[in-house]
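The values are calculated or read from the model by the stated rules, or taken from the named source; none is laboratory data. What you see is a predicted model; the values in this text were computed from it and never measured. FYI the Cβ positions are ideal-geometry reconstructions off the backbone, even for glycines, and counts take in every protein chain you see. Ligands, DNA and RNA are excluded from the accessible area calculation, which covers all protein heavy atoms including side chains. Shrake-Rupley method; radii C 1.70, N 1.55, O 1.52, S 1.80 Å.
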Amino acid sequence: MSVAVFLGPSLPLDEARRLLPGATYLPPARQADLVSLLDDPPAAIGLIDGEFHQARSVWHKEILLALERGVHVFGASSMGALRAAELERYGMVGVGTVFEQYACGRLTDDDEVALRYSHDDGRYVPLSEPMVNIRATLLAARAAGLPGSLCELAEREAKALYYPDRCRRAVLDRLRASGAGPAEVAALDAFWREHPVDAKADDARALLDVLAAFAADPPPPRPPGEPVFRTAGLDTLHDRERRVRVDGREVALADIADAAQLWHRDAASANAAALDRGLVLVLADLLRVEPAEEDVGREIERWRIRHGHTSDDSFAAWLRRNHLDHDGFRDLAAGAARRRLLWRWLLYSRHVERSTRLVIDRLRWDDEYEPWARAAAEAAEIEEELLFSADPTALARERGLSIDTDLATWAEEAGFNSPEHLLLALAREVRHP
């Protein structure tokens, strides 16, 4: 049972590993971290710490995406408590007192769990104290007999501090400046030193206990959540910022695209083809062109034949290497089917001329017209006996051409008026220029 935990300064990593051995521990979550787990999702995600000031925070919708995929998502202690309170109604599970305070509305501010820390030596060292810990310590001090008015004043003074500046010394200095009695301040100082309450660490331990029980006795798979409404921001997160693992290294999809856009052996044509595909899909949206399921199925079958992935094992391995699932590939195939329907409409609208002018114009624009003109002029004469005896499919393969559909469909999509017209062209063998 795979479990991933985002953990930083709330609890030492060594202690976490003792409480929940076998989990994958990751640094405090940043935006796109959760969505980057979903290519091969764990059974459960425990969100404890997340970045707040250092980087963009983990986004609500990527948590919703994980829930949509059937992943169990738990939150506690810090960023996890905050997000769990916000997303409890959608299926995220909150654990601990900090979560409970956010969930009931007693706490509302993000800075309640924020703190400043260093990570220079690989260990998280807190440089300030989160407000939830200060509140818990002052509550314990009051229960131990320290004056309630002093504890209330200390709480107000702590809240007034900017979160990176919150610490015991800063709070006590503000108490002294406010006129609090020296003896009372000294008593609070002594209690704070000897009996600090770390609510965040306690909640982190509680979450790890919950995850340990989850791993020991896994519940049934979580039903997939409600589909997350897609927005431009969510698409950007998933399609651009999401990181994938390649040869043991993480790389953002945007970095893969940037590399291809600049260093592809024919970058200009590759970029033009990508943009043309996008424009075709926009046109399909405008014209409300939607393929039938059988059209999409044929597109998938043709792609698998064309690329040599006819076995399910080969196709599944290709999907993993390309960081796609079956639904994602179906979306690709649906786009190709919509494009093919538009091609068919275009060819029918030019029934007599077909695609001749379009192909000639493309050759001219790409400066490939002259070599193909010479190749056509030098082509062998039509072998007339082939017109009566040849199997067109076998002849095509003999000529080195790839076929992924039946002859009539191939002829139609390639711009020929009929299968007989295609056979005429096949009979005239043309050498590649």
Exercise. Would you please name the residue that is most open to solvent (accessible area, probe 1.4 Å), looking only at residues in the stretch 105-134 that are in contact with a helix residue (DSSP H, G or I) (Cβ under 6 Å, 6 or more places away or on another chain) and charged (D, E, K, R)?
Key: Arg116
Self-check item: Selected residue (criterion: least open to solvent (accessible area, probe 1.4 Å)) from residues of the stretch 285-308 that are more than 27 Å from the chain's Cα centre (by Cα) and of a type in the set (Lys, Arg)
Solution: Arg302
Quiz item: What are the pairs, 6+ residues apart or on separate chains, where a residue within the stretch 356-374 that is open to solvent by 100 Å² or more (accessible area, probe 1.4 Å) has its Cβ under 8 Å from a residue that is at pLDDT below 90?
Solution: Arg374/Pro433
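Would you confirm whether or not the stretch 8-23 contains a residue that is closer than 26 Å to Gly233 by Cα and in contact (Cβ under 8 Å) with a residue 12 or more places away in the chain? Can you show your working first?
Residues of the stretch 8-23 that are closer than 26 Å to Gly233 by Cα, as a first pass: none.
So far as the stretch 8-23 goes, no, none of its residues is closer than 26 Å to Gly233 by Cα and in contact (Cβ under 8 Å) with a residue 12 or more places away in the chain.
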Quiz prompt | Which numbered condition Ala143 fails, given (1) more than 25 Å from Gly8 (Cβ to Cβ); (2) surrounded by 14 or more Cβ atoms within 10 Å (Cβ to Cβ); (3) not hydroxyl-bearing (Ser, Thr, Tyr) | solution = (2)
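Run down Arg340, Arg344 and say which single residue is under 15 Å from Val289 (Cβ atoms), open to solvent by less than 70 Å² (accessible area, probe 1.4 Å), in contact with a helix residue (DSSP H, G or I) (Cβ under 8 Å, 6 or more places away or on another chain) and of a type in the set (Lys, Arg). Talk me through it step by step, then tell me what you get.
Numbers: Arg344 fails: open to solvent by less than 70 Å² (accessible area, probe 1.4 Å).
So the residue among Arg340, Arg344 that is under 15 Å from Val289 (Cβ atoms), open to solvent by less than 70 Å² (accessible area, probe 1.4 Å), in contact with a helix residue (DSSP H, G or I) (Cβ under 8 Å, 6 or more places away or on another chain) and of a type in the set (Lys, Arg) is Arg340.
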Quiz prompt | Every residue from the stretch 190-211 that is more than 17 Å from Glu112 (Cβ to Cβ) and under 47 Å from the mean Cα position of the chain (by Cα) | solution = Phe191, Trp192, Arg193, Glu194, His195, Arg205, Ala206, Leu207, Leu208, Asp209, Val210, Leu211
Exercise. Can you run down the residue pairs with Cβ atoms below 8 Å, 6 or more apart or on separate chains, where the first is in the stretch 415-432 and under 14 Å from Ala377 (Cα atoms) and the partner is at pLDDT 70 or above and in a helix (DSSP H, G or I)?
Key: Val430/Ala375; Val430/Ala376; Arg431/Ala375; His432/Ala375
Self-check item: Residue, most open to solvent (accessible area, probe 1.4 Å), within the stretch 309-335, restricted to residues that are of a type in the set (A, V, I, L, M) and assigned to a helix (DSSP H, G or I)
Solution: Leu332
Quiz item: Among Ala154, Ala212, Ala186, Ala158, which is assigned to a helix (DSSP H, G or I) and closer than 30 Å to Asp14 by Cα?
Solution: Ala212
Quiz item: In the stretch 9-59, what residues are open to solvent by 10 Å² or more (accessible area, probe 1.4 Å) and part of a strand (DSSP E or B)?
Solution: Thr24, Tyr25, Leu26, Arg30, Gly50, Ser57
Exercise. For the stretch 202-237, enumerate the residues that are farther than 27 Å from Val132 by Cβ and open to solvent by less than 20 Å² (accessible area, probe 1.4 Å).
Key: Val228, Leu234, Leu237
Quiz item: When you scan the stretch 270-279, how many residues do you find that are open to solvent by less than 40 Å² (accessible area, probe 1.4 Å) and within 16 Å of Ala336 (Cβ to Cβ)?
Solution: 1
Quiz item: Which members of the stretch 238-259 meet the condition of being open to solvent by less than 50 Å² (accessible area, probe 1.4 Å) and part of a loop (DSSP other than H, G, I, E, B)?
Solution: Arg242
Quiz item: Out of Val352, Val296, Val359, which single residue is of a type in the set (Val, Ile, Thr), modelled with pLDDT of 95 or more and either in contact with a Phe, Trp or Tyr (Cβ under 7 Å, 6 or more places away or on another chain) or at negative phi (or both)?
Solution: Val296
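Return the total of residues in the stretch 260-269 being within 23 Å of Leu237 (Cα to Cα) and either touching a helix residue (DSSP H, G or I) at 6+ places or on another chain (Cβ under 8 Å) or surrounded by 12 or more Cβ atoms within 10 Å (Cβ to Cβ) (or both). Before you say what the answer is, go through the steps one by one.
The first filter runs over the stretch 260-269 and keeps only residues within 23 Å of Leu237 (Cα to Cα), leaving 260-262.
From the residues that got through so far, the ones that are either touching a helix residue (DSSP H, G or I) at 6+ places or on another chain (Cβ under 8 Å) or surrounded by 12 or more Cβ atoms within 10 Å (Cβ to Cβ) (or both) too are 260-261.
Qualifying residue count for the region: 2.
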